[in-house]
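**Student:** One structure is given below, represented as structure tokens, and several questions about it will come after.
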Amino acid sequence: MSLKKQRGVAGVTFMGLLPVLIIIMVFSMQMTQRHMAHTKIIEAAEVASLALIASPKEKDEQNQEYAQKIVDQYVTDNKGKVEVAVFNRRCEYRDGCVQRSGELAPFTDFVVSAKTSHDSWISYESMGLTKEFDVAGSSISRKFLPQPLDIYFILDMSGSMMGTWGRSGKTQYDVVVETINRIVEDLREFKTDKKSRVAIVGYHHTSVQKVGSKRTAFDYAFYRTPGETVKKMFSPPQVSSYDYSTEIKTFEDIPLTDDYDAFLAQLNGANYYASKYGLTESWQGIIGAAQMADKATDLNPEQVFILLSDGADGDFQRHFLVNNRYDTVTFSNYLNRLVKLGLCENLKERISQKRNVFQSKNASDTASKTKVTMGVIGVNYAVKKEDGIGDCFGHDNIYHARQGSDVYKYILNLINEETGRLKD
């Protein structure tokens with residue numbers, strides 16, 4: 001076929017396909033416009049739902065107005081008014097909603113849906129490409145509700161806590177106590193079905209508890225081997241050989257309570273302070289907190305253990321009377337040895353198996369099971385992960401408070417819920 005004839009055939013073919021190409025172009029342009037409009041309305045709904053979940057208003061009308069303003073700012077090429085609808089729902093243990101949802105905690109959802117009308121860039125009625133079109137989109141944002149907590153403050157009461165911190169001239173102990181006061185005041189504001197509870201488990205080289213009308217020093221680790229200490233971690237402690245010294249009994253455990261006024265009165269009392277002669281054995285506090293939680297009744301669904309210390313543990317040393325002679329047993333890295341033998345795993349497993357006040361009786365329901373959270377805050381001290389603290393409390397739950405305000409911030413990190421997230 002000659003070149004001239006080929007050109008003729010190509011021209012005829014092109015002219016035959018031209019209407020099809022034009023239709024495809026028109027169709028593509030309108031589909032592109034619709035896709036862009038749909039993407040924009042979904043984005044606007046997502047932003048509005050996240051804004052509402054982070055800062056909900058008191059009334060439904062106010063939530064509606066707030067969402068409307070946000071969507072109007074995002075969508076500017078629409079025809080007429082943007083139709084916005086807002087729906088809020090709460091899901092809690094008491095109505096079985098949490099158990100049915102499969103989530104691990106109560107939550108609230110904000111659902112924002114929006115609909116807009118637009119003029120088409122190009123229309124062709126006979127092909128269904130109308131002069132106007134509507135698009136709609138919706139988004140769900142979810143925020144977990146504050147849960148009633150049982151918080152065990154495992155507080156270092158050794159002599160080094162009496163050292164000053166920063167320019168204020170306050171001791172590290174004073175800063176920690178002031179922070180606990182702030183946290184308790186925050187707990188008063190938590191809107192939960194049941195009040196959160198707080199406890200103090202103080203420690204140095206002993207634990208100190210009130211027995212009758214007097215304070216008694218106890219030792220949770222008066223055993224010859226780390227294995228025996230772990231094996232008997234839920235057994236009653238022995239009276240410490242240091243119990244004779246009143247100078248180490250400057251505090252006592254404050255049992256779990258929701259009487260915040262009584263708790264603070266005792267913590268802030270003139271007869272409650274760190275001991276200048278106290279050494280550091282964090283396992284005394286960890287085991288003490290484990291036993292306190294194990295004995296507790298009417299547990300809240302969240303059990304939170306927070307260790308606050310300004311320094312590393314000293315060596316383990318005990319003197320055992322054998323055949324009228326004292327046999328001295330010494331271990332370095334004692335906490336690390338305990339952790340490797342299961343100290344913290346035993347704590348988590350045992351406490352998480354205890355039934356809480358909201359827990360379902362359905363054995364297959366894992367959503368409402370008691371949850372254990374552990375964290376450690378180094379008070380003006382960088383905690384070494386290799387000493388057993390990381391493996392015990394979780395490497396992601398170790399915080400270094402370089403200044404007093406950090407202590408408050410990190411405790412909130414451990415007990416507060418997230419601001420909100422888009423639901424998948």
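The values are calculated or read from the model by the stated rules, or taken from the named source; none is laboratory data. The structure displayed is predicted, hence computed values, not measured ones. Cβ coordinates were reconstructed from backbone atoms using ideal geometry, including for glycine residues, and neighbour counts include every protein chain displayed.
**Student:** Kindly indicate whether any position in region 28-47 is assigned to a helix (DSSP H, G or I), at pLDDT below 80, polar (S, T, N, Q) and touching a Leu at 6+ places or on another chain (Cβ under 7 Å).
**Tutor:** Yes: one or more hits.
**Student:** Can I ask one more? Report the residue count in region 203-250 for those that are part of a loop (DSSP other than H, G, I, E, B) and either polar (S, T, N, Q) or touching a Pro at 6+ places or on another chain (Cβ under 9 Å) (or both).
**Tutor:** Total meeting the criteria: 11.
**Student:** Checking ARG90 against (1) closer than 29 Å to THR257 by Cβ; (2) modelled with pLDDT under 90; (3) buried (at least 16 other Cβ atoms within 10 Å of the Cβ); (4) not hydroxyl-bearing (Ser, Thr, Tyr), which test does it fail?
**Tutor:** With (1) closer than 29 Å to THR257 by Cβ; (2) modelled with pLDDT under 90; (3) buried (at least 16 other Cβ atoms within 10 Å of the Cβ); (4) not hydroxyl-bearing (Ser, Thr, Tyr) applied to ARG90, the lone miss is (3).
**Student:** Which ones in region 366-410 are at pLDDT below 90, surrounded by fewer than 18 Cβ atoms within 10 Å (Cβ to Cβ) and in a helix (DSSP H, G or I)?
**Tutor:** Result: LYS385, GLU386, ASP387, ASP391, HIS395, ASP396, SER405.
**Student:** How about region 137-157: which of its residues are among the hydrophobic types (A, V, I, L, M, F, W, C) and either in a strand (DSSP E or B) or more than 24 Å from ARG355 (Cβ to Cβ) (or both)?
**Tutor:** Listed by number, the residues that qualify are ILE140, PHE144, LEU149, ILE151, PHE153, ILE154, LEU155, MET157.
For (1) in contact with a Ser or Thr (Cβ under 9 Å, 6 or more places away or on another chain); (2) over 18 Å from ARG34 (Cα atoms), each residue gets a yes or a no:
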{"site": "GLU65", "(1), (2)": "no, yes"}
{"site": "GLY80", "(1), (2)": "yes, no"}
{"site": "VAL98", "(1), (2)": "yes, yes"}
{"site": "SER113", "(1), (2)": "yes, no"}
{"site": "TRP121", "(1), (2)": "yes, no"}
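**Student:** Identify, from the list ASN300, ASN333, the residue that is buried (at least 23 other Cβ atoms within 10 Å of the Cβ), assigned by TED's automatic domain parsing to the domain that holds LYS369 and touching a residue at least 24 places away in the same chain (Cβ under 8 Å).
**Tutor:** Step by step, each of ASN300, ASN333 is checked, and only ASN300 is buried (at least 23 other Cβ atoms within 10 Å of the Cβ), assigned by TED's automatic domain parsing to the domain that holds LYS369 and touching a residue at least 24 places away in the same chain (Cβ under 8 Å).
**Student:** Now a separate question. Given (1) farther than 28 Å from SER235 by Cα; (2) of a type in the set (S, T, N, Q); (3) buried (at least 20 other Cβ atoms within 10 Å of the Cβ); (4) under 20 Å from the mean Cα position of the chain (by Cα), where does ASN356 come up short, assuming only one miss?
**Tutor:** Result: ASN356 fails condition (1) only.
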